[in-house]
Amino acid sequence: MERRKFIRNASLGLTGLAFVHQGLGQAMNSKSKKLTILHTNDTHSNIDPLPDNHPKYPGMGGVAKRHALIKKIRSEEQHVLLFDAGDIFQGTPYFNTFKGHLEMKLMTAMGYDAATMGNHDFDIGLEGFIDAQTHADFPFLCSNYDFSNTIMEGKTQAHTIFYKGGMKIGVFGIGVNLESLVPNANYGKMIYKDPIETANQQAATLTEKGCDIVICLSHLGYEYKDDRPSDRLMAKKTRNIHLILGGHSHTFLEKPVLESNLDGVPVLINQTGWAGINLGRIDIDFDQKLVKGNTIKVV
């Protein structure tokens, strides 16, 4: 359908990335014509703001300030989705003390809609993750991690679909190869599936299910000098994905980047750095037929 082509013309705006979409507005009903997508990645157990004497990001971040910012945006916008692209765990004594329970409780309190797993989310093994996950009131999306032969079977989903303002938003997760990043014992008999091939399969499935927007939560990393799978490579080698919200490489993007897919259609890629010092925001305005993306500093 025409509305699923999503992006046809693109232009840079002064306040972020703005691109015109010819037809996405047709999918909206008359009640609401705007979708706001918020996202984080690689928060690494940073519950408090960074120290005031931090050399690069003094006093930035912190869950309380992020929550206040999210609440403010939700009060201003009718349809909001909040995602995380992995590496929720590891990085501060909060993780060592509470073993991921605090992070999951706080993400639930902030109203996250879905997340994917990063390599550091395996740092307490599968049993530890399952234990912490009991406090998560949101799904973990992991389409290229096959947990069927492990105790994690049934604890994750390949994808999910959200319904907002007359739109069907399909979301799936893609994870990095854990070999050499995570001790084998921490993921057991999990089978790692090719991320590009799996992404194509998931995007095709969600498109067949009638999703108007397909979003990938990726923990592959933004780009590499070699041929390792990355967000930019995935965008180039897939179809039907509209947004890639990335993690793993701690890449700071002031605004989203466009990359053409196999059909020459631009795909939007964004990543917010690390430690929760930024909140990614993408607004799809169907009335104006504009999409704007920017990174908000959590200060």
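Could you state the number of Å between the C-alpha centres of the stretch 218-255 and the stretch 107-183? So the two Cα centres are separated by 18 Å.
Ranked by how many other Cβ atoms sit within 10 Å of their own Cβ, fewest first, the residues 107, 152 fall in the order 107, 152.
Just for the chain, what percent of DSSP beta bridges are antiparallel, to the closest 5? So the antiparallel bridges in the chain amount to around 60 percent. Estimated from helical segments only, the mean residue ellipticity of the chain at 222 nm is -6000 deg cm²/dmol, where each DSSP H run of four or more residues counts as -39500 (n - 2.57).
Cross-link partners of residue 289 among lysines, defined as those whose alpha carbon lies under 18 angstrom from its own and excluding same-chain residues fewer than eight positions apart: 5, 31, 33, 34, 164, 168. For residue 157, nonlocal amide neighbours, meaning residues 5 or more places apart or on other chains whose placed amide H falls under 5 Å from its own, are 140, 141, 142. For residue 99, the aspartates and glutamates whose Cα falls under 12 Å of its own Cα, not counting residues fewer than eight places away in the same chain, are 121, 123, 127, 131. Note that the chain, at 4 °C in a medium of 1.567 mPa s, gets a Stokes-Einstein diffusion coefficient of 68 µm²/s from its Kirkwood radius over C-alpha pairs.
The charge dipole of the stretch 162-257, taken about the Cα centre with unit charges on the Cβ atoms of Lys, Arg (+1) and Asp, Glu (-1), comes to about 220 debye, rounded to the nearest 20. Given +1 at the Cβ of Lys and Arg, -1 at the Cβ of Asp and Glu and no other charges, the dipole of the chain around its Cα centre is 1040 debye to the nearest 20. Put in line by how crowded their Cβ is, counting other Cβ atoms within 10 Å and starting with the fewest, 74, 281, 232 read 74, 232, 281. Candidates 45, 183, 242 compared by Cα position along the dipole of the chain: farthest toward the positive end lies 242, with charges placed on Cβ. With a ≥ b ≥ c the root eigenvalues of the C-alpha gyration tensor of the stretch 148-196, is it rounded (a/c under 1.5), prolate (a/b larger than b/c) or oblate? Prolate, since a/c reaches 1.5 and a/b exceeds b/c. Backbone phi angles across the stretch 267-279, fed through the Karplus curve with coefficients 6.51, -1.76 and 1.60 (θ = phi - 60°), yield HN-Hα couplings of 10, 8, 10, 9, 8, 10, x, 7, 6, x, 7, 10, 10 Hz in residue order; Gly and Pro are listed as x.
Taking each of 71/189; 65/225; 209/237; 56/189 in turn, the alpha-carbon distance tops 29 angstrom for 71/189; 65/225; 56/189.
For the stretch 144-189, trypsin sites (Lys or Arg not before Pro) meeting the loop criterion (DSSP other than H, G, I, E, B) and having at most 14 other Cβ atoms within 10 Å: 189. Placing unit charges on the Cβ atoms of the charged side chains and taking the dipole of the chain about its Cα centre, the candidate lying farthest along the positive direction among 204, 102, 284 is 284. What the phi angles of the stretch 49-63 give under the Karplus curve with 6.51, -1.76 and 1.60, with θ = phi - 60°, is a coupling list of x, 5, x, 5, 9, 4, x, 10, 10, x, x, 8, x, x, 5 Hz, glycine and proline written as x. Close amide-amide hydrogen proximity is noted between residue 84 and 40, 114, 115, 116, each under 5 Å apart and 5 or more residues distant or on a separate chain (H modeled in the peptide plane; Pro and chain starts excluded).
Relative contact order, percent, of the chain when contacts are C-alpha pairs under 8 Å separated by at least 6 residues?
Worked out over the chain, it gives 24 percent.
Each of 142, 211 has some number of other Cβ atoms within 10 Å of its Cβ, and from fewest to most they run 211, 142. When the Cα gyration tensor is reduced to axis lengths a ≥ b ≥ c, the ratio a/c is 1.5 or higher for the stretch 41-176, and with a/b not above b/c it is classed as oblate.
Read the figures in this text as sums done on the coordinates, not as results from a lab. Bear in mind that the values here come from a model prediction, so they are computed numbers and not experimental data. Counting neighbours? That spans all protein chains shown, and the Cβs are built from the backbone with ideal geometry, glycine included.
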